[in-house]
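The values are calculated or read from the model by the stated rules, or taken from the named source; none is laboratory data. The structure displayed is predicted, hence computed values, not measured ones. As a convention, Cβ positions derive from the backbone with ideal geometry for all residues, glycine included, and neighbour counts pool all protein chains shown. For the accessible areas, the whole protein counts, side chains as well, though only heavy atoms, and no ligand, DNA or RNA atoms are used. Shrake-Rupley method; radii C 1.70, N 1.55, O 1.52, S 1.80 Å.
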Amino acid sequence: VRVDDHGSFRTAVDVNRPLSRRAAVRFNAVFNDGESWKDFVFNKTQAAHLAGTFNLTGSTTLRVEGEYGDIERNNAGNVLSDQYSGVN
């Protein structure tokens, strides 16, 4: 878990568990609500990943994976301009 003084909050989880001697599952996820000191700059992320492994034989392994992700982001550019000077 992470929190900062700009209003950002981030949490992540990663779990890896054997189901038996031949099977295992792993789940990891992240939730991020990122704010910035700049106006209108943000990063909102929700993502998850699930993976499973099953040993069929000594030399054959079946792996299945799936993931979901939703990212909403706005990055403001740094444009500095001077409206009072010109080049002739």
Considering only residues of region 11-49 that are basic (Lys, Arg) and farther than 30 Å from residue 60 by Cα, which is least open to solvent (accessible area, probe 1.4 Å)? 38
Hey, residue 62 in contact with a strand residue (DSSP E or B) (Cβ under 9 Å, 6 or more places away or on another chain), modelled with pLDDT of 95 or more and surrounded by 14 or more Cβ atoms within 10 Å (Cβ to Cβ) or not: no
Candidate set: region 50-59, residues that are open to solvent by 70 Å² or more (accessible area, probe 1.4 Å) and among the hydroxyl-bearing types (Ser, Thr, Tyr); chosen: the one farthest from residue 75 (Cα to Cα): 57
Pick from 13, 30, 25: which is under 15 Å from residue 66 (Cβ atoms) and assigned to a strand (DSSP E or B)? 25
Is it the case, given these coordinates, that residue 40 is out of contact with any Lys or Arg (no Cβ under 9 Å at 6 or more places or on another chain) and among the aromatic types (Phe, Trp, Tyr)? yes
Output for region 65-77, where each listed residue is within 14 Å of the chain's Cα centre (by Cα) and either open to solvent by less than 90 Å² (accessible area, probe 1.4 Å) or under 17 Å from residue 9 (Cβ atoms) (or both): 69, 70, 71, 72, 73
